[in-house]
């Protein structure tokens, strides 16, 4: 076999890999659109609408607003999703990744650096391009779609400041993490993936610990809840279930949106209870406490701990699989990259795994929904009245224009929380 024959065979192999990836990516997009269309047909069905309105005693006018909001989000998702797919495929097929890699290598060499800086420049440039591409869609969603439905309270200046802060944070934190992983891949030999797994896990825990006190305040203002009935009731609940919080705060969510929520954040000794100010404004004390009882359920039933453990174990598996794929030059050439490289492996493997991730998403959604039912039961057990949590869930759904009608298949792939009607049925609640 001549050198020319070998080159031709390799080229055919690389093209086959590229074709396979493109076909699978388009197939994934087609499945996503089919699920979205099935869901749209389901919630637009008049019979289904009538059943859910009667079951939940929903106001007809409010339900119509929810329906219009959901339809607008469907159209937006269709356009933005197709645009993202087309842009990615054009960039891939016409060698955009190879061109970007060449620029990154050239810039790194000009500065006298090696492969780690090349990788940082390449991956950082990909992140920047992705952010710039998505920004017009994010702007439209915030200032057109959300504005139209009365949710947006953010000003354009605040929107761009948030994006700039996010970019700076991604450069700092992402740069530190990627530098560590790329160095480990280069310096620690055969079992690099074990060390990379350790670096990633420690970095994740550190970030979770720092988030409440250092990272979150970069984007929002957190104010300690004043003395009064609300604080007394929340701390009474926390004491009852033996939950030690480092603080109770309200967050100025109303500066950006009217959507309401509450959450717990942090690990170890930095666990905070955070209430959106919009939630405090829209619910009474008993309902707020019921929402927090549900969230406390996730902690007391170890859902948060096991979610963290599953994530760490999954990352270990991914790094191991990445180690197996690292020497396979064809995976790099198919994306028009120059050859085997640690940063190329991180990028290419992440693209292939996104296809696998879609297939296993029903499993993670099932675990999450199972935990939500358990947390609801915990919340019901630790509130004074069996109606407080259900009425709070109804208020959240109505104020956020959350569509209570969801096709079972769509929910299986995308929903970490069960549909509202299922949750209320599990709580044995009937609105009167």
From the P(r) of region 16-79, could you give the percentage of C-alpha pairs in the tail past 14 Å? 68
Please list log₁₀ I(q)/I(0) at q = 0.21, 0.22 Å⁻¹ for region 106-205, using the Debye equation with identical point scatterers on the alpha-carbon positions. -1.06, -1.11
Please state the relative contact order of the chain as a whole percent: Cα pairs under 8 Å, 6+ residues apart? 22
Roughly how tilted is helix 285-300, in degrees to the nearest 10 and between 0 and 90, from the longest Cα axis of the chain? 40
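Dividing the Cα radius of gyration by the Kirkwood radius, what Rg/Rh value follows for region 350-421? Before the final figure, lay out the partial values.
Details: Rg = 15.0 Å, Rh = 13.9 Å.
In region 350-421, Rg relative to Rh is 1.08.
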Going from the fewest other Cβ atoms within 10 Å to the most, one would list 161, 291 as 161, 291
Would you calculate, for the chain, the mean residue ellipticity at 222 nm contributed by helices, counting each DSSP H stretch of 4 or more residues as -39,500 (n - 2.57) and dividing by all residues, to the nearest 500? -23500 deg cm²/dmol
Based on the mean of other beta carbon atoms within 10 Å per residue, what is the order of 376-387, 71-82, most packed first? 376-387, 71-82
Sort 153, 305 so the one with the fewest other Cβ atoms within 10 Å of its own Cβ comes first. 305, 153
Apply the Kirkwood formula to region 222-282: the hydrodynamic radius equals the inverse of the mean of 1/r over all pairs of different alpha-carbon atoms; give it in Å with one decimal. 12.1
What number, in percent, do you get for the relative contact order of region 222-282 if the mean sequence gap of Cα pairs under 8 Å and at least 6 apart is divided by its residue count? 33
With T = 10 °C, eta = 1.306 mPa s and Kirkwood Rh from C-alpha pairs, the Stokes-Einstein D of region 287-330 in µm²/s is about 122
From the C-alpha gyration tensor of region 37-192, square roots of 5λ in Å: 44, 18, 16
Averaging the inverse of every distinct alpha carbon separation and then flipping it gives the Kirkwood radius. What is it for region 188-317, in angstrom units? 16.3
If I model a spin label as a point 7 Å beyond the Cα along the Cα-Cβ vector, how far apart are those points for residue 41 and residue 307 in nm? 3.3
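Readers should treat all values here as calculations from the given coordinates under stated rules, not as data from a laboratory. From a predicted model like this one, the values you see are computed outputs, not experimental measurements. Here Cβ is always computed from backbone atoms with ideal geometry, including for glycine, and neighbour counts include all displayed protein chains.
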